[in-house]
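What follows is calculated from the coordinates using simple rules that are stated; it is not laboratory data. Remember, predicted model here, so these are calculated numbers, not experimental data. Here the Cβ positions follow ideal geometry from the backbone for every residue, glycine too, while neighbour counts run over all protein chains shown.
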Amino acid sequence: MSNLTFRTEKDLLGTLDVPSEAYYGIQTLRAINNFKLTGVPLSHFAHLVNGLALVKWAAAAANHKLGYLSDEKYNAIEKACQRIVNGEFHDQFQVDMIQGGAGTSTNMNANEVIANIALEEMGHQKGEYQYLHPNNDVNMAQSTNDAYPTAIRVGLLLGYDTLLVSLSKLRDSFAKKGEEFGHVIKMGRTQLQDAVPMTLGQEFHAFATTLTEDLERIRALVPDLLCEINLGGTAIGTGINADPHYQALAVEHLAKITGHKLVPATDLIEATSDMGAFVLLSGMLKRTAVKLSKICNDLRLLSSGPRAGINEINLPARQPGSSIMPGKVNPVIPEAVNQVAFTAIGNDLALTLAAEGGQLQLNVMEPLIAYKTMSSSILLIRAMDMLRELCIDGITANVEHCKNLVEHSIGLVTALNPYIGYENATRIARKALETGKGVLELVREEKLLSEAELEKILKPENMIAPHLALSDLKH
């Protein structure tokens, strides 16, 4: 027999029995019952929960300073918010990430949890809202329409450093491999066909460079995108029900407790309805996802084989690759990163449609925007850490195999083109294809170049960078 007990709470639509141990209240319970969609509750995103608590704390501080909240109420709300930021009560944020109502359910989940924690701090029972009310006190001078988008921005800023660290470490890992493989000569390829020689180090250094580009852009642009907030705009940006001095105080306090240079939006009505910052941020995450996926495609190709593929590199073996083929090992880590990238790309499209789907003074699709942005960020962080730790750091090169592929590649004729001429180079390439002989073998047979000339031309440093003209080569 269940020992579960309940308390009765009342709202606009009537009464409901709320579990006695729950810190959320009736409006949260209605949302839990209404929105059984993703199965992903607010608590899945700790930074979002903390962002909500920080916004409520800043709002309470402003209202207290202006004389609208008593010392007792403010101290209790502040303590409740601090406890949430420290990791307590996150399990009480139970509303599904996708919800109707433009985030009202999320806002009320925060208001109710904070109110009930604060009530206990004051020596009262959960649900005794006559002493401290979720709407009248915790939500004072706020609307979902300014508190919620501000909390989303704060939540993303709280996770921003982790994203930068993961991206930076992965970049450094590729750069380190670029140095390690700097001496490994191999064939470069275009359109999956042999092109011209390069080093494996150059290939891995290029991976590092492309990630550096995204690292620098995210580091420079994200703060500007997210630090302009509409807190104080209340319902549509006019600031109705808020003291004229409230916005400046609330934003100032929020900047102080978050450690980010938050500023009030210059046009609160525009800021309440426009989701452009999230579109840009999501686009940047998508760009990084696309690059990661392309890199992982390359890693899978370069490690293909081991006997019947390119097999220039070895990826660390992480698990058996087949239930029927003994000895098979698959590139499971790059494959998983590919799938994360596809998810981030899909998230970007969903977010784009959500940003476009707003009407008039509000965008009711903000819950989807929050869900997709935070999902992409967390997935990419985890994927980059996994790729670095379980794959990149353990890659080894098949040095002799790489060299052998260069020496037997038809593409090697491109390196000889400036010295034997285009007509000879074309004929040698065609003859090599027809006979199966190597390019160098045919050049030697026809005595088109001396051994000394070949030796100098085929030096790695002369094949992987701009090099001397034929007249200089002979000196």
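Kindly identify segment 345-475 as rounded, prolate or oblate by the Cα gyration tensor criterion: order the square roots of the eigenvalues as a ≥ b ≥ c, call it rounded if a/c is under 1.5, otherwise compare a/b with b/c, prolate if a/b is larger, else oblate. It comes out prolate by the Cα gyration axes.
For a 19 Å ceiling on Cα separation, which of these pairs sit above it: 328/403; 56/79; 177/286? Pairs exceeding the cut-off: 328/403; 177/286. Entry note, the chain: relative contact order of 15 percent, from Cα contacts under 8 Å with a spacing of 6+ residues. Each of the peptides 368-379, 73-84, 255-266 was scored by the mean count of other Cβ atoms within 10 Å over its residues; in descending order, highest first, they stand as 368-379, 73-84, 255-266.
Name the shape class, rounded, prolate or oblate, that the alpha-carbon gyration tensor gives for segment 341-413, where a ≥ b ≥ c are the square roots of its eigenvalues, rounded holds for a/c under 1.5, and otherwise prolate holds if a/b is larger than b/c and oblate otherwise. Oblate shape, in that a/c is at least 1.5 and b/c is the bigger or equal ratio. Near residue 305: Cβ cut-off under 13 Å, other residues only, Lys/Arg at +1 and Asp/Glu at -1. The net charge is +2. Counting only alpha carbon atoms, the long axis of helix 246-258 and the longest principal axis of the chain meet at about 50°.
State whether segment 287-416 is rounded, prolate or oblate according to the following rule on the C-alpha gyration tensor (a ≥ b ≥ c being the square roots of its eigenvalues): a/c under 1.5 gives rounded; otherwise a/b larger than b/c gives prolate, and the remaining case gives oblate. Here segment 287-416 falls in the prolate category. In percent, rounded to a whole number, the relative contact order of segment 344-459 is 17, using alpha-carbon pairs under 8 Å and six or more apart.
Note the angle between two axes, namely the Cα long axis of helix 276-302 and the longest principal axis of the Cα atoms of the chain, as a number of degrees from 0 to 90, rounded to the nearest 10. Approximately 30 degrees, to the nearest 10.
Along the positive direction of the dipole of segment 305-450 (beta-carbon charges: Lys, Arg +1; Asp, Glu -1; about the Cα centre), which of 306, 395, 353 reaches farthest? Toward the positive end, the furthest listed residue is 306. Annotation: the antiparallel percentage among DSSP beta bridges lying fully within the chain is about 90.
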